[in-house]
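Computed from the coordinates by the stated procedures, all read-outs in this text should not be read as laboratory data. This one's a predicted model, so the numbers in the text were calculated from it and none came from an experiment. Note that we place each Cβ from the backbone using ideal geometry, even for glycine, and neighbour counts take in every protein chain shown.
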Amino acid sequence: MEQLALFFALLFLTVLGFILGKGRAVALSGHSDQPLHSRLPYYGLYTALWCGLPSLLIMAGWMIFEPQIAEMLVASQLRDSDASITPDQLTLYINDVVNLASGGILSREPDAALLSAADNYSLFRQISYFAMAVVAIAFSLLALFTSLKKINPALRARNQVEKVVSIIMMISSLIAILTTVGIVFSLIFETLRFFDKVPFFDFLFGTHWSPQTALRSDQVGGSGSFGAIPLFAGTMLITFICMVVAIPVGLLSAIYMSEYAGKKFRAFAKPVLEVLAGIPTVVYGFFAALTVAPFFRESGTLLGLSVSSESALAAGMVMGIMIIPFISSLSDDVMNSVPQSLRDASYAMGATKSETITKVIIPAALPGIVGAVLLAMSRAIGETMIVVMAAGLAANLTANPLEAVTTVTVQIVTLLVGDQEFDSAKTLAAFALGLLLFVVTLVMNVVALKVVRKYREKYD
Amino acid sequence: MSYAMDMQNYTTQSETATSEPKITARDVNVFYGASQALKSIQLDIGANEVTSLIGPSGCGKSTFLRCLNRMNDVIENCTVEGRISLDGVDLYNSGLDPVLLRARVGMVFQKPNPFPKSIFDNIAYGPRLHGTVSNKDELDERVEKSLRRAGLWEEVKDRLDKPGTGLSGGQQQRLCIARAIAINPEVILMDEPCSALDPIATAKIEELIDELRERFTIVIVTHSMQQAARVSQRTAFFHLGELVEVGETDRLFTSPQDDRTQGYITGRFG
């Protein structure tokens, strides 16, 4: 709340900075005979940036580090009074102090020591808040005056503003990268803990997946075996079925749309196909579980085959339909971008349309098509919802598409659904699976990007 | 000035000038949608000589060129009227397959457009397509012969497996010429083949055109009147979709009969 007030105060100063800065530039352009370096609003922006940005950064930094400093103070006080305290007790005690100060729930009845510690803590927080407000506003005001003073016709306001803007853009692009790094690290630490409990090679090459572990020593069942092979085999089986459906259908529709279809049909069909990509996967899951899977089961019965009601085939087929637009739309774009001059060259050699497509356009577009297929494949590997609903949860190690299988993503979901304790192998296995899956899809994406980049260099 | 008389004049002249016409065009009108790009063109292309088509941009010379191998078919809402025949066979109304026609009438484009394949595969594209070679040795021989005729063999013989797109602009254009002659066409159409090239590469291509004349009938569209004068035996001047004047190149450049031709070749317009 108080932070919000400070934030608005800084915002006000920033706006003020813009108005004053621009006003100063206007005044200068009226009096000075030397023309201004930049256009007028840039002087306003220059002042505004100086007023706002550093103070906001100070505020942000303060808010990140100040609670930790406060807790460290509490901790050092406590260690002074009781040297024998364990780290766990210390954490609990600090929690109590913080909760008492902010009116939260305590783990025990407050005693005098706790009360005084909480008082100290909230006093420190208040002083610190005032200090922050004073420093931020003082800095903002200082910046306002110095930058107003700096404004003169020779000041390269535009260049400086643009530099700041470009830095902001760079930070924005870094956020995506840092998030990826963060995800990897959060997976790595939990995975390492998992490998403390389960040997690495048992996980990687084990053929039996049964993640139920006994919570107490007298519990029956739940041997807890963590062989990831059935999961990856299931993932690969479903992905394979999915690609068998999606690649031919997607490619043929791409060829039709880019080479044969009239403009009107293309303008209609392409957006409709792309709608397919926008359907939530859960809806596809319904379709797979309620329509496609029973259909397969019944047709299987007619043919004398036993098809389980949840089968890899149903999940794979529906998933294949889901990713058709990825392949068709991207391949269509790639084939469209093959220059007309190459088509002309082929036609002028006496090639028919189909010869031109198979011998010139597809080879020229092949790297792009491969990129599209790889992107679609990593999408299929990561797909969860359809598989949960249509392929089942049984970790069968089988190549028979008519049986129920499960995939890596599905198991991750089932491992983490509900109340969990984060020190059992069962829960930690989810992180190991996640990391492995991440590595697999990352490798595929890198390959896809490489291929796409190679494609870019193809012409000219 | 009587336009009809003028027409009479150069039609008779063209007939006398080309004793054995390879291609004859009569009353050719071409429309792009509603706009008319060519108006009643009468033109003979003589066998084994170079005919150049000159004229300001948008005058219809490229359109006419593309009529000769029906490349205009590819363009939507383009309609061709009149009669164009190759060795007496009507190109448009006799049920002749445009695919077979294009095997007899090759084309080289303004911008070099090699396929993003190896040099060898670029040349082998046509022979493989038409099945005119029966084994690998014949194909090798055909590729070498075509590259030699295009004057490119010495430069690329050690790197036939490298991409054709990696050659220089002039080499790429000669590769495209080699690709066109690999299917043994009777006529080669060239649409400003040197406009993207430097003077040295241009000189090489012009020299090549002169050599190719012995075996092929060549029609070349060019913006450079010097080039037309250097390489062609006959020149046709197009203006605003009309064929204004046609005749022996030397005669047309030294004593043009039409004021518009006079104006164009002396640089007064265009």
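Each part gets one Cα centre, and for the range B:254-270 versus the range A:150-212 those centres are 71 Å apart. The alpha-carbon atoms of the range B:126-270, seen along their principal axes, cover 56, 28, 24 angstrom, with the largest extent given first. Overall form of chain A: oblate. Here a/c, set by the Cα gyration tensor axes a ≥ b ≥ c, is 1.5 or more, and a/b is not larger than b/c.
At 0.36 nm per residue, minus the direct Cα-Cα distance, what do A:T358 and A:L57 gain on full extension? Give it in nm, one decimal, please.
102.5 nm
Over all other residues within a Cβ to Cβ distance under 14 Å of B:D140, the charged ones net out to 0, with Lys and Arg as +1 and Asp and Glu as -1.
Within chain A, the longest segment free of exposed loop sites, counting trypsin sites (Lys or Arg not before Pro) that fall outside DSSP classes H, G, I, E and B and have at most 13 other Cβ atoms within 10 Å, spans A:217-460. The charge dipole of the range A:2-155, taken about the Cα centre with unit charges on the Cβ atoms of Lys, Arg (+1) and Asp, Glu (-1), comes to about 1200 debye, rounded to the nearest 20.
If you take the square roots of the eigenvalues of the alpha-carbon gyration tensor of the range A:74-130 and sort them as a ≥ b ≥ c, do you get rounded (a/c under 1.5), prolate (a/b over b/c) or oblate? It comes out oblate by the Cα gyration axes. Under the classification rounded if a/c is under 1.5, otherwise prolate if a/b is larger than b/c and oblate if not, where does the range A:117-222 fall, given a ≥ b ≥ c as square roots of the Cα gyration tensor eigenvalues? Verdict is oblate for the range A:117-222.
Placing +1 on each Lys and Arg Cβ and -1 on each Asp and Glu Cβ, with no other charges, gives the range A:223-456 a dipole about its Cα centre of roughly 940 debye. Assuming charge only on the beta carbon of Lys and Arg (+1) and of Asp and Glu (-1), the dipole of the protein assembly as shown about its Cα centre is about 1160 debye to the nearest 20.
Taking a point 7 Å from the Cα of A:A27 along the Cα-to-Cβ direction, the residues of the range A:139-166 with backbone N closer than 15 Å to it are A:144-153. The HN-Hα couplings worked out from phi for the range A:74-81 by the Karplus form 6.51 cos²θ - 1.76 cosθ + 1.60 (θ = phi - 60°) are 4, 4, 5, 4, 5, 5, 4, 7 Hz, whole numbers, x standing for Gly and Pro. On full extension, the segment bounded by B:E154 and B:L96 gains 17.0 nm, given 0.36 nm per residue less the C-alpha separation. Each of A:H31, A:I69, A:A138 was scored by the projection of its Cα onto the charge dipole of the range A:2-155, and the greatest displacement toward the positive side belongs to A:H31; charges sit on the C-beta of Lys, Arg, Asp and Glu.
Per-residue ellipticity at 222 nm, computed for the protein assembly as shown from helices alone with -39500 (n - 2.57) per DSSP H run of at least four residues, works out to -20000 deg cm²/dmol. Straight-line reach from B:K39: which lysines fall under 25 Å, measuring Cα to Cα and dropping same-chain residues less than 8 apart? Candidates past the 8-residue exclusion: B:K22, B:K61. Assuming R0 = 35 Å, what is the FRET efficiency of A:Q420 and A:A113, from their Cβ-Cβ distance, to the nearest 0.05? Plugging the Cβ-Cβ distance into 1/(1 + (r/R0)^6) gives 0.50. Listed by chain and number, the aspartates and glutamates whose C-alpha is less than 20 Å from the C-alpha of A:K197, apart from same-chain residues fewer than 8 away, are A:D218, A:E421, A:D423.
Separation of the range B:49-113 and the range A:258-303, taken as the distance between their Cα centroids, equals 45 angstrom.
The chymotrypsin sites (Phe, Trp or Tyr not before Pro) of the range A:387-460 that DSSP puts in a loop, and whose beta carbon has at most 12 other beta carbons within 10 Å, are A:F422. At a Förster distance of 51 Å, what's the computed FRET efficiency of B:Y32 paired with A:S173, Cβ-Cβ distance as r, to 0.05? Once rounded, the FRET efficiency stands at 0.65.
For A:V405, neighbours were defined as the other residues whose beta-carbon sits under 15 Å from its Cβ, and their charges (Lys and Arg +1, Asp and Glu -1) total -3.
Give me the number: length gained by fully extending A:Q126 to A:H37, i.e. 0.36 nm times residue separation minus the C-alpha to C-alpha distance, one decimal in nm.
27.5 nm
Exposure proxy ranking for A:L40, A:L305, A:L231, based on other Cβ atoms within 10 angstrom of each Cβ and starting from the fewest, stands as A:L305, A:L40, A:L231.
Taken over the range A:223-456, lysine pairs spaced eight or more positions apart, or on distinct chains, with alpha carbons under 22 Å apart number 4.
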